[in-house]
Structure formats: C-alpha cells, structure tokens
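Since the structure comes first, as structure tokens, the remarks are kept for the end.
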Amino acid sequence: MITAEQKPLAEIQGLLGDAKKVLVVGCGTCVTVCFAGGDREAQIMAASLRMASKINGHPQEITDITVQRQCEWEYLDEIEKEIADADIVLSLGCGIGVQAIAEHFPDTWVVPGLNTTFLGMPTEQGVWEERCAACGDCILGLTGGICPIARCSKSLLNGPCGGSEDGHCEIDPEVPCAWQLIYDRLESKGKLDLLLEIQPPKDWSKSRDGGPRKIVRQDLRLIEDEA
Amino acid sequence: MTDTDYEYQIVAYSCTYCAYNAADLAGGLRMQYPSQVKIVEIPCTGRIDILLPLKAIEAGVDGVMVAG
Amino acid sequence: MSEKDNGYLVGSNLEKVLREGHFAVTGELGPPQSADPAIIREKAAFLKGYVDAVNITDNQTAIVRMSSIGAGLLALKEGLEPVIQMTCRDRNRLAIQSDLLGASALGLKNLLCLTGDHQIFGNHPTSKNVYDMDSLQLVHMVTEMRDKGIFQCGDEIKGQTASFLVGAAAAPFADPTAFRPLRLAKKIRAGANFIQTQLVYDVKEFAIYMEKVRELGVHKEAYILAGVGPLKSPGMAKYMKKNVPGILVPDEVIDRMTQAGKEWIGKKAADLAPEEKKARSKAWKTEGIQVCIDLIKDIKKIEGVAGVHIMAIEWEEAVKPIVEGAGLYPRPEVK
C-alpha cells in the first residue's frame, strides 16, 4: 500500500493561510490503513486546525469529509458540493489524491496535508517499511522475494557492498542490509548460484527515469466510436 | 478574575462498570462533588479515542478526566 | 584477459610491475576540498618514488573534492602514476563513460571501479544519489570499452577507445563473510585486472579469506593487493574496530598502540601540556608505522597476494618509512 505521514501542523497552517472556509478531505483507502489520512485523522486534523485558528485570533470555518478513495473520479463526484463551498481544500490523501482533486475540480485550490513516503507495509503495530520502488521491471524472482532496488540503500544488483555489518546497512543500524537478507534467503533455499550471475545494468527507462509512466489496456477501455 | 474564582470545567469520561457506578454510589451516600465536573458515561475506557477529549476541549472545557 | 600487441593491456607502470611479478605498492592521495593544485604537488612529493601507482580518490566519503581525473592529471605531471577512482554514486553511465574517454585521452591508465560511499555520510546529505550501475557493472562496462571498443549501449567506439587497467575493491571482512570470496570472484569474472582490499589489520583472518580465494583460483586471474594503513592512535584503532563496517582490528594491535603511549596512560588529553601531547602523538605514530610494516611483512607471505595498497590519507609522509621499513624500497623500474 501507499504509506504516508502527516505534515507538521505549522506547515499545514502555512499552506492554508487565511482562507475562511477550509475543507479537510480524508481518504478511506491506503492512508486510512497507515493512520495518516483516514476519517478519524481528518476529524482530528479539522478539530486541531479549528482550535489553532481560534488561538491565533483568526477563527476559520473548518469542516471535514472522507471519501472511499480520492484517486477515483466517481468518489470525488460525491463531494462536489462540499468542495465548491470551500475556499481551500486540505487533502489528507496521498500525492495521487491531491492531484486527482486538483484535476477534477480546476476551480479549487488544494494543498497536501501529508507527505507521501513510500510503497510499503506495516511490519508490526505502528511500524511501516518500504518494500517496492515501482521500478517497472520486477527482479524479485532473482532475489528470493527481497527487493534490492527499494531496500538496498544503493539499489545494488550484484550483491552487498562493503558497508554490510551484522545484518544492517552502514547508513543506519536500524536499516537491515537487503543483500544480507537476500543472501540468507537464497542460501536457505539452496539457490546461491543466482548470486553468482552477473546482473547487467538495469533498464531504468521502465522506471520513473523514462519519464512519467502510463498503462493503456485496450481490452478494458470504453471506446465510444468504434466505427 | 483571579485564579480562585475561576470555575474550571472538567469532563469525566467514566466507565459504566466502575467509575460511573462509584459516582452513582457516592451520590447515593449524599457525597458532594463540584458541579463543574460533567460526567459522561462510556461503555468502557477502551472506547476513549483521541477524538472524544479533543471535541470536549474544542467545546471549551479546561480538562478531561478518564476514569475506569 | 585480452592483450594488446605489446603484450600489455594498457602498459601502465602498475601493470608492468605486477606482470613482472614484483610485489606492488600503491598509495592513496586524497584531493583537496578546493581548487588548489599546490596541495596535490605537496602530497605527491611524499609519495613519488615510493609507490608504483597512487589512487586518487573520487569525492571520498561523499565529501566534495577536486575531481579524481583533474587531481590525477596533476599527480601525473608530478611524475606519479595515478589510479583514477570512479564511483557510481555521482554519475550515470553517460557521465562515467564520457569522463573516462576524457581521462584516457589525458593519458591516465589505471582505474578503480567503486560503488561509492552513500552520500548520507558526506557534506551534501540532502543530495540525490545516482547508482545507475553498481561497481561490478562498471568493471564490466570499462572492460568492454577497452577490449571490444563498445559503449555500454553496444554502440561501437569509433576511433581510439578508453583503455584502463581495471581495478575493483574487495571487503574481505564485511558481511556476509561467506559470500566475500565469491563476490571477489564475480568482480574478477566481470573483468577486474587488479583488486585492492579494505584495510587489513587481522592477518590471520585475511589468510583464511585468501585461502578461500585460492580455492576459487581467481588469484591467478587478477592481482590482489591487500589494503594496509598506519594507525595514528589507539583511539583510531578502537574507533575503526567499533564503527567502520568490514574492518577487523585485533586486540593485539590495539594493545601495541596503547603500550606505545604507556607513559601517558590514564592521563586525559586536557591534562597534558602541548609538548607532552606532541610526544605522545609521536610515540603512537611511530608505533602505527611499525605495526603497518609488520603487517606488510606478514601479508607478503600469503600466497596469492600481489602487493599492498597503503592508505595513509592526510598522512602521506608515513608512506616513505613504511615502504622502506617493509623492505620494499627502491621500487622496481620497469620498461
């Protein structure tokens, strides 16, 4: 899932400026699961901003609403009226949600309340870790299901650098060395020979480096005029 | 206004099985507690979410008590 | 190894020394954090005549410094043969190939391919890293440029190509240690002609590593130079043991360094008069150089070790007594 965390309140206040009517929009999907921008967080955010605006002596009218997914037009249609009513929209969706609101409601000024951080998962209660870099050319089949692109600090493809120590990466004792994990897994599966193959330089054109990406599935498209 | 005449408003979220019962019993025994304490009965202190005290504070109370 | 008509890959001094079977000595020169050529000249003067080639670091520890190629050319003019270091941290495959064409055109002949320290350790921790390739892919790319005359994309290099004696690094004691000899073999298979290792202080462990390397037979396919470096103080030894991944410092080395300053044991630096501090530092440094000499003598006995790489960064003066003390002076003259 997409993992995000809230921006500091002061930064959000700066983004909102002195707008009179603020609509906080939560998102019921990824950011709900990572406790950053769901219904509950939207309510807390709205209450916090209301109180902060009172303390500052410039009370703002701040309401909140949460949609199932900010990244689909159909769900955004449901809040068209509330959006039109607001001077500014604070999206607690990921970066996709903020952009979907901006694109769907061109007259609206929308600002982000979250920093979208990574594609990852909760590894334990309250802890999320990055797992995928969406590089567009998955190599997990070579690495025992552990991604060196997302999880090695240097995205190495041919094994650990000299900075692997006691299972962690030299950049931070809290960061596991992806290549130690890969090594251990391949060893336990009797597949160390995979590590001996020289992996050629990666085709980064399939990643963000090739420009913004797009998938078109002709089999799924609704083509209005086929004739 | 001095500190002494200010009447603090407190909301006490009280578990129905213990703290709320205790308050009830205290009432039955004609014991007094300050009128600025507003008791809110909750099914369990596990019901407490940050939103509850936040809403109380936003409404103007000076303190929130969770009793259970 | 494919070889050119003269029998050498590139005919650098380092290649000739290694090919003739001499126990090679390479040094290291860290370019300044400025554009001052005089600093390169000063450091070069300490190394000239005492090493067969000198590594010129590439933004070492991710701190911005004069470029390896620029500083390497200055060193070359001072009569030293540079080993250009190239990391994958700061350049993509376009920039690396273009810089290497330039370096080759300028007459630089040796190259050490590195992944590069993560930028978080340096003075621009908020920068974006590149890591388009890793060190192993870099080794392969420059080998193909030299031997096949092609760019990484497969296009032919029309005219003169970039030719380097290709080196790679090895970290014998980093984790997972069981994989380290295999990774060395992989780098050699990718094309590395010589290897320089991370600092060795534990000769026993290094001998075990080399035994595994010999079992793989790769010591016959590339020249392996063991990394050594003089310690400045017992504190430095302890710091490296504790904080630097892939460096083992045995207690006996720490004890030797501590004993060298026994006159001052138990005294804090703040309580020492300046001249006492100087005397203590001198005693430590003298022992540090002696420890390094003893290490070289022990390492030289290990089968499959073709030389030493002396890392005395910001202490280039130490190279002369080390090389002399280890009986490696004068350096061989090769034609």
Practice task
Within the stretch A:5-35, track down each residue that is within 14 Å of chain B (Cβ to nearest Cβ), in contact (Cβ under 8 Å) with a residue 40 or more places away in the chain and closer than 25 Å to A:M121 by Cβ.
Solution key: A:Q6, A:G26
Handout entry: Residues (of a type in the set (S, T, Y) and closer than 27 Å to A:I96 by Cβ) located in the stretch A:37-57
Key = A:S48
Practice task
Considering each of C:I120, C:I195, C:I150 in turn, give the residue that is more than 11 Å from chain A (Cβ to nearest Cβ) and surrounded by fewer than 24 Cβ atoms within 10 Å (Cβ to Cβ).
Solution key: C:I150
Problem - Of residues in the stretch C:229-276 being within 11 Å of C:G288 (Cα to Cα) and in contact (Cβ under 8 Å) with a residue 60 or more places away in the chain, the one surrounded by the fewest Cβ atoms within 10 Å (Cβ to Cβ) - result: C:K232
Problem - Total residues in the stretch A:178-224, condition in a loop (DSSP other than H, G, I, E, B) and touching a Lys or Arg at 6+ places or on another chain (Cβ under 9 Å) - result: 6
Completion exercise
Over the stretch C:94-112, the set of residues in contact (Cβ under 8 Å) with a residue 60 or more places away in the chain and either within 15 Å of C:Q60 (Cβ to Cβ) or within 11 Å of another protein chain (Cβ to nearest Cβ) (or both) is C:L112
Problem - Among the residues listed as B:G68, B:G46, B:G28, B:G63, the single one being of a type outside the set (S, T, Y), away from chain A (no Cβ under 14 Å) and within 30 Å of A:P59 (Cβ to Cβ) - result: B:G63
Exercise for the section: Out of A:I146, A:I88, A:I139, report the one residue that is more than 14 Å from chain C (Cβ to nearest Cβ) and in contact with a helix residue (DSSP H, G or I) (Cβ under 9 Å, 6 or more places away or on another chain). Expected result: A:I88
Handout entry: Of all residues in the stretch A:172-186 being within 12 Å of C:P176 (Cα to Cα) and surrounded by 17 or more Cβ atoms within 10 Å (Cβ to Cβ), the one that is farthest from the other protein chains (Cβ to nearest Cβ)
Key = A:A178
Exercise for the section: Please identify the pairs in which a residue from the stretch C:147-167 that is farther than 16 Å from C:M86 by Cβ has its Cβ atom under 6 Å from the Cβ atom of a residue that is of a type in the set (S, T, N, Q) and modelled with pLDDT of 95 or more, counting only partners at least 6 apart or on another chain. Expected result: C:G149/C:T161
Exercise for the section: Only helices (runs of 4 or more DSSP H) wholly contained in the stretch A:55-170 count here; list those with 1 or more residues that are free of Cβ contacts under 8 Å to residues at least 12 places away in the same chain and either more than 24 Å from A:I198 (Cα to Cα) or assigned by TED's automatic domain parsing to the domain that holds A:D184 (or both). Expected result: A:73-77, A:80-85, A:95-104
Exercise for the section: Assess whether A:E78 counts as being surrounded by 15 or more Cβ atoms within 10 Å (Cβ to Cβ) and of a type in the set (D, E, K, R). Expected result: no
Completion exercise
Subset of the stretch A:62-78, residues of a type in the set (V, I, T) and either touching an Asp or Glu at 6+ places or on another chain (Cβ under 8 Å) or more than 24 Å from A:M51 (Cβ to Cβ) (or both), comes to A:T63, A:I65, A:T66, A:V67
Handout entry: Residue in the stretch C:52-72 that is part of a helix (DSSP H, G or I), among the hydroxyl-bearing types (S, T, Y) and without any contact (Cβ under 8 Å) to a residue 40 or more places away in the chain present
Key = yes
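The values are calculated or read from the model by the stated rules, or taken from the named source; none is laboratory data. None of the values given here were measured: they were computed from a predicted structure. Neighbour counts run over all protein chains shown; Cβ positions are idealised from the backbone, glycine included.
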